[in-house]
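The values are calculated or read from the model by the stated rules, or taken from the named source; none is laboratory data. Every value quoted in this text rests on a predicted model; they were computed, and no experiment measured them. Note that each Cβ is placed from the backbone with ideal geometry, even for glycine, and that neighbours are counted across all protein chains shown.
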C-alpha cells in the first residue's frame, strides 16, 4: 500500500470537564511531554470555533513525532455538557483515540497506577498486542504495541523525539453515512483511502464492549495518521444529542496542519469548494492562520498553519526544561557506544567524573546501575532505568540537583557507512520557580561541549588506527 498523501494531521482536541487533570493523566500514562497552556476568549473563539462568547483554558501535550499535539480545552463559558447517559462507542461522533507505545507492558502498569480500574485485558500476540481503556473522562483509548503506520508502505513514521515513548496514530469516528463521510474527508479534506486495509474487524469490537456488530468501515490516511470511519448498522447508533456542540465533553475534532500559508490557502479553498462549511472568515493573527470547518453531519475539523518560529507559543514544542543535543561522529556505532556506556570512564570525555556505586543486574552498566557524577561543587546520583544494548539507555536523577521528574536518554544510530549519530536528550522540572529554561540552556552548552570532545576523541583514535 503506497502512501501518497501530503496532508498532515497535527492535532486531536478534547473538550474536558477538567482539562489540566485529563492532560496530567495522558502525560503520566503515556509519557507525553507538556507543551504549554493559554486562555482563549472572544472574539477569536466565536469566529474560529463557532461558539458565541466562549472563554476557555487550553493546554497541550506533544508526542515523539514532529508537528503534532494533543489539545485539552476546558470551557469556562459556556460550560461543557456531560457526555449523554448511556453513551456507546457506536454512537455518532469521534469516539476512540489510538496511541502506539514503545513499552506496552509499562503503559498497562501506568493505566493501573493512575486510573480507578485495573490494567485492561490485552488482545493479540506478543509484538502485536492491543488493549482499550477509558481515560478519566470516559474517552476511549486504544493502545498499540505495534505502530499501525508501519503496516503502510511509505507512511511517515519518522520521530524527532525518540525519548518520548508514544505516538498518537489513529482516531475512530462513527458516522451516519459512510460514503458521505468519505466525500468530506477525501474529496474535501484531501485524505487518501487505504485500499484493502482494515484497522479493526467485528471481533475487535469486544475490546470496547460491543457485541453482534454489523458495520462497514473505511480507513483514510494522512502522511502520519489514520482516520477510521465506521457506519454501524447493528447496534443502531444514536445521533448527536439534541443541541450538541463541540464544547461538550468528549473528542472535539482533529486538525490538519500545513507547513506554509500557500498550502493552507489551497487546502481551505478545496475544502469549502467541496462542501465543508467554515464557521467564519479565516483568522490571520500574523503567526499563522486558523479556521474550523464542518461537514454536513456536524463533524468538526480544524485547519491551521503556524510559522515554526511560534511553535512554542501554540504548544508544538516542550514547555518544560528540555535539553536536546545531537552530533555526528565518524566512527562505528559499536565504538561510540563503548565510550558512552562505560560509566566509570565517562570522565575521559565528559565534564563530570564518574564512579559506579552499584552495578546493574543483568549488565553491570545496565538497568539498576547507580552512578555518582562529580564536578566542582556538585555531586549527582543517577540510576540507569532503561537499557537497549548498543542503541539506547535512559537514566534518572536520584539526588543532587533541584530537579523533579528528571530523565536523560542517550541514543546511538549508525548510517551503514561507519558513521554514527548520537542524541542526548534530558527533560526535567525544576523545584526553583522560573529557572528551568535557564538551567536547560546551561546544560545544553555543557553537553554540547562534552559531545564535541567525545567526537574528537573517537575520530582521533580512528585516524591513529588507520595509520
(request) Return yes or no: is residue 390 surrounded by fewer than 18 Cβ atoms within 10 Å (Cβ to Cβ), out of contact with any strand residue (DSSP E or B) (no Cβ under 6 Å at 6 or more places or on another chain), farther than 30 Å from residue 35 by Cβ and outside the structural domain of residue 34 (by TED's automatic domain parsing)? (result) yes
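Quick grid of which residues meet (1) closer than 15 Å to residue 191 by Cβ; (2) touching a helix residue (DSSP H, G or I) at 6+ places or on another chain (Cβ under 8 Å):
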residue	(1), (2)
261	no, no
267	yes, no
274	yes, yes
284	no, no
288	no, yes
291	no, yes
296	no, yes
299	yes, yes
(request) Assess whether residue 169 counts as being outside the structural domain of residue 406 (by TED's automatic domain parsing) and in a strand (DSSP E or B). (result) yes
(message) For segment 91-120, which positions are within 24 Å of residue 173 (Cβ to Cβ), surrounded by fewer than 21 Cβ atoms within 10 Å (Cβ to Cβ) and in contact (Cβ under 8 Å) with a residue 24 or more places away in the chain?
(response) 91, 92
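Does segment 139-155 include one or more residues that are assigned to a helix (DSSP H, G or I), over 19 Å from residue 224 (Cα atoms) and in contact with a strand residue (DSSP E or B) (Cβ under 6 Å, 6 or more places away or on another chain)?
Of the residues in segment 139-155, the ones assigned to a helix (DSSP H, G or I) are 148-151.
Keeping just the survivors that are over 19 Å from residue 224 (Cα atoms) gives none.
No: zero hits.
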(message) Just to check your reading of the model, which residue among 87, 25, 55 is over 29 Å from residue 157 (Cβ atoms), in the same structural domain as residue 142 (by TED's automatic domain parsing) and touching a helix residue (DSSP H, G or I) at 6+ places or on another chain (Cβ under 8 Å)?
(response) 55
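So is residue 371 in contact with a strand residue (DSSP E or B) (Cβ under 6 Å, 6 or more places away or on another chain), touching a residue at least 40 places away in the same chain (Cβ under 8 Å) and surrounded by 15 or more Cβ atoms within 10 Å (Cβ to Cβ) or not? Show your work before the answer.
Working: in contact with a strand residue (DSSP E or B) (Cβ under 6 Å, 6 or more places away or on another chain): yes; touching a residue at least 40 places away in the same chain (Cβ under 8 Å): no; surrounded by 15 or more Cβ atoms within 10 Å (Cβ to Cβ): yes.
No; evaluated as a whole, the condition is false for this residue.
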(message) Could you check segment 17-45 and list, in sequence order, the residues that are assigned to a helix (DSSP H, G or I) and free of Cβ contacts under 8 Å to residues at least 60 places away in the same chain?
(response) 19, 20, 23, 24, 27, 45
(request) Specify which of the listed residues (97, 108) is out of contact with any helix residue (DSSP H, G or I) (no Cβ under 7 Å at 6 or more places or on another chain) and in a strand (DSSP E or B). (result) 97
(request) Please state which of the following conditions residue 81 fails to meet, knowing it meets all the rest: (1) in contact with a strand residue (DSSP E or B) (Cβ under 8 Å, 6 or more places away or on another chain); (2) farther than 20 Å from residue 313 by Cβ. (result) (1)
